[in-house]
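As structure tokens, the structure follows; a few thoughts come after it.
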Amino acid sequence: MIRWIPPLNEVGVRVPLDGVINRCADVVVWINQTVAYTTGVEMTVEVRIRKDAMTFDGGLWFGRDGHRSSVVPLLVGFEWADGTTSSNLPSPELNAGGLGRFRGTAGAHNASFAFGLDHLPPRGESVLVTAAPFLRLSERKITFDAGIILDAASRVEVLWPDDRRPIPCERGDRDAVPRIPSTGWFADHYVQAPPRPAGGYAAVVTPAKGAPRYPDDWVDGAPTNSTDQPCAICGSVNVVWVHPLDIDRTSYRVYGKGHSLPSFWALCEDCEQMYRAGNDDAVVAVMEKYWIFQDTDEQLHQALTVFRRADKGARRFSS
């Protein structure tokens, strides 16, 4: 997966686009700084939660627990002067470029994200939209002139030529699949269609009521082709097999904390054979290098045990 990051050969220029962009009694969101480059924009966003209001699992900011299939706490979107949009949601109807997170830290009452806009927007009056339904933060719009971004970009100093090689995001990046609010700007501009899975997790959108909904070309809760599917055990992109899982048997607890596997695991040929041989210690030894957010062998063994329990059987990808 390729994601825009600030060019290493440029001295970015600060854009006068900062300050509080959304708030309620218990939550405040603000832009700490915005920096323009010749190919895009870096925006650092801060979130603070009142300590006596709620305690928030920091991992949820990155979709790292059982809620990963539906929770993206902070929704950020732009509507540009030409009518196109950009946001941290997938499947835009009028996509002028993505807004991806390339750096972030989070805790129980705070979070800091660096978003990267992968293009320079058109000049003119634009709208910044934010919402955080999970944090009870209503949608809010702020109008600004995107010309301030272009003016800053025109003053960027290019230090030396860029070789223009794309830099892939780290393979441990496992963003949650967002649930779009039923009304408002995000609902008007984006459709509730899950993106391709990343990092071995299923891109499954769970409606407020009813069973999970999958892409039309999936069968039994699993994709039919291997495009963009990494191996759930080792992270290899050369996957051959897919294992649909019984979602009623994918939940488990480790150290008192709830977890849930996705609706399928994709495996490369080597990991498939290792899994079929029943050599769980060898499988876990490989998982340790890829499952970077799991701290102990016990967590990995538990996940593997649940996978075996929920496994409906292997089938080959069609391509």
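The values are calculated or read from the model by the stated rules, or taken from the named source; none is laboratory data. On a predicted model such as this, the values are computed, not experimentally measured, just so you know. So basically every Cβ, Gly included, is an ideal-geometry build from the backbone, and we count neighbours across all protein chains shown. Only protein heavy atoms, including side chains, enter the accessible area calculation; ligands, DNA and RNA are left aside. Shrake-Rupley method; radii C 1.70, N 1.55, O 1.52, S 1.80 Å.
Miscellaneous remarks
- Positive contributions from Lys and Arg (+1) and negative ones from Asp and Glu (-1), summed over other residues with Cβ under 13 Å from the Cβ of ASN279, come out at -2.
- Computed from backbone phi, the HN-Hα couplings of the stretch 107-122 come to x, 5, 9, 7, 7, 9, 10, 10, 8, x, 8, 8, 6, 8, x, x Hz, rounded to whole numbers (Karplus: 6.51 cos²θ - 1.76 cosθ + 1.60, θ = phi - 60°; Gly and Pro given as x).
- With the highest mean first, a sort of the peptides 117-124, 38-45, 141-148 on other beta-carbon atoms found within 10 angstrom per residue produces 38-45, 117-124, 141-148.
- For the stretch 218-287, carbon and sulfur atoms together expose 48% of the accessible surface, with a 1.4 angstrom probe and every protein chain in place.
- Between the amide H of GLU139 and any residue lying 5 or more places away or on another chain, no distance stays under 5 Å, with hydrogens modeled in the peptide plane.
- Using C-alpha pairs below 8 Å separated by at least 6 residues, the relative contact order for the stretch 7-57 is 31 percent.
- Taking amide hydrogens as placed 1.01 Å from N in the peptide plane, the amide H of VAL13 sits under 5 Å from those of ALA36, each at least 5 positions away in sequence or on another chain.
- Seen from ARG123, the other residues with C-beta closer than 10 Å to its C-beta sum to a net charge of -4, counting Lys and Arg as +1 and Asp and Glu as -1.
- The packing ranking of peptides 298-305, 231-238, highest mean first, is 231-238, 298-305, where packing means the average number of other beta carbon atoms within 10 angstrom of each residue.
- Residues whose amide H falls under 5 Å from that of SER126, counting only those 5 or more places apart or on a different chain, are PHE144, ASP145, ALA146, with hydrogens built in the peptide plane.
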